[in-house]
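Everything below concerns the one structure shown next.
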Amino acid sequence: MKLTNSPITQHQINDRTFFLKRDDQLHSHFSGNKARKFMKLLEDSHPNTTTLISYGSAQANSFYSLAALARIRGWKFEFYVDHIPKWLIERPLGNYRGALDLGATIIEVGKTETGLHPADYITQIRQPDSHCIFLPEGGRSTLSEYGIKQLAMEVLSWTRFEPNHDFVVALPSGTGCTALYLHKYLKIHNIPVLTCPCVGGSEYLTAQFNELNETDHPQILSLDYKHHFGKLYDQDYQTWLDLEYQTDVEFDLLYDPLMWQCLEKWQEDNPAKTILYIHQGGILGNESMLPRYQRKFPDMQAQSSN
């Protein structure tokens, strides 16, 4: 199973041309940045592995992607969370529903009365043995470098046939793995990487970079105000609507709107640069996010660039 060579398409947003690396089209279940991060787990043999273990939010993109990986490899999959919202249990949606459909087992650590964080619960109580692979939240691991290096090489190969553009690669960050390793392999070819912190602030993202023992980091962009992860912002929804209307591509509601708002100001200061944006998938999560936005902002509509 090969998860490489996703197409690159050309678009316009607010009368500016950009290119889009469609990693969301890599595989029906296993796409986006998670496919790149976990590619090594697909390609290596792992003859003694029977169980894959990770943790995070019940609606995390990694929950669904790892469930797909485990299904492909024939492994059991355990995913540990602090809690599952009652409404989600009653009406499964998005990544949560998709992961359960793929056979994942989800463990609600908050009900165990241990008071432990899911990561600590796994190491202290679950205690994975040699038949288990334990992945940190969001796949923040050095094993991600393998697949993301492949992505960087695809970007580099394509840009060599587009000599009339001065490219910069852009993508939002959760744990920052993808942006960090793209920067590592593209910087030497004079292709900068831009990212923004979606889960915490710039200091949080820098700390995530440092945990992977990389001291040279991509450029971090941010807004002028604090942006809370998962909170509904009218500007995020407007940006998402405009992106879909002007490009005919569905983007992720949780990460992509923030990055595009950061890029809007950056483009004003760097008009000669051409953006190559990495579409990292994650759109299954829109199944639960979009109804929330529609309820809060029922009259909001996409705006044309003209």
Kirkwood Rh (inverse of mean 1/r, distinct Cα pairs), the chain, angstrom: 20.1
Distance histogram in 5 Å bins (all Cα pairs of the stretch 1-155, percent per bin): 2, 9, 17, 19, 18, 14, 10, 6, 3, 2, 1
Residue with peak Gaussian network fluctuation, the chain [Cα springs, cutoff 10 Å], from HIS228, HIS183, HIS29: HIS228
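Of the DSSP beta bridges with both residues in the chain, give the percent that are antiparallel, rounding to the nearest 5. Kindly include the intermediate steps, with their values, before the conclusion.
On the way: 6 of 33 bridges.
Bridges in the chain are about 20 percent antiparallel.
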Derived scalar couplings ³J(HN,Hα) [the stretch 205-215; Karplus, 6.51 cos²θ - 1.76 cosθ + 1.60; whole Hz; x for Gly, Pro]: 5, 4, 4, 5, 4, 5, 5, 8, 6, 10, 9
Inter-part distance where the stretch 227-306 and the stretch 72-123 are each reduced to a Cα centre, Å: 28
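For the stretch 45-134, rounded, prolate or oblate, judged on the Cα gyration tensor with a ≥ b ≥ c (square roots of eigenvalues), a/c < 1.5 rounded, else prolate if a/b > b/c? Let's see the in-between values first.
On the way: a/c = 2.63, a/b = 1.15, b/c = 2.29.
Judged from the Cα gyration tensor, the stretch 45-134 comes out oblate (a/c at least 1.5, b/c at or above a/b).
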The chain - mean residue ellipticity at 222 nm from DSSP helices (-39,500 (n - 2.57) per run, n ≥ 4, rounded to 500): -11000 deg cm²/dmol
Within a Gaussian network of the chain (alpha carbon springs, distance under 10 Å), most fluctuating of ASN33, ASN286, ASN14: ASN14
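What FRET efficiency comes out for the pair TRP158/HIS117, r = Cβ-Cβ distance, R0 = 41 Å, nearest 0.05? Provide the component values of the computation, followed by the final result.
Values: r = 41 Å, r/R0 = 1.00.
Computed FRET efficiency for TRP158 and HIS117 comes out at 0.50.
Summing +1 for each Lys or Arg and -1 for each Asp or Glu, what net charge is found among the other residues whose Cβ lies under 15 Å from the Cβ of GLU203?
Numbers: positive: LYS226; negative: GLU211.
Net of charged neighbours comes to 0.
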Highest-MSF residue in the chain out of TYR225, TYR80, TYR293 [GNM, Cα springs under 10 Å]: TYR225
Net +/- balance of residues flanking VAL109 in space, Cβ distance below 14 Å, scoring K and R +1, D and E -1: -4
For the stretch 84-91, 3J(HN,Hα) per residue [Karplus equation, 6.51 cos²θ - 1.76 cosθ + 1.60, θ = phi - 60°, Hz, x = Gly/Pro]: 10, x, 4, 5, 6, 5, 6, 9
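Quick one: longest stretch of the chain between exposed loop trypsin sites (Lys or Arg not before Pro), exposed meaning at most 15 other C-beta atoms within 10 Å and loop per DSSP?
Working: sites that count: LYS2, ARG160, LYS226, LYS231.
In the chain, the maximal stretch lacking such sites is 3-159.
Add +1 for every Lys or Arg and -1 for every Asp or Glu among the other residues with Cβ under 12 Å from the Cβ of LEU284, and state the total.
Working: positive: LYS34, ARG97; negative: ASP24, ASP101, GLU250, ASP252, GLU287.
It works out to a net charge of -3.
Every read-out reported here was derived from the displayed coordinates using simple, explicitly stated rules and does not represent laboratory data. Given the structure is predicted, the values throughout are model-derived calculations rather than measurements. Quick reminder, even Gly has a Cβ in these numbers, built from the backbone with ideal geometry, and neighbours come from all protein chains shown.
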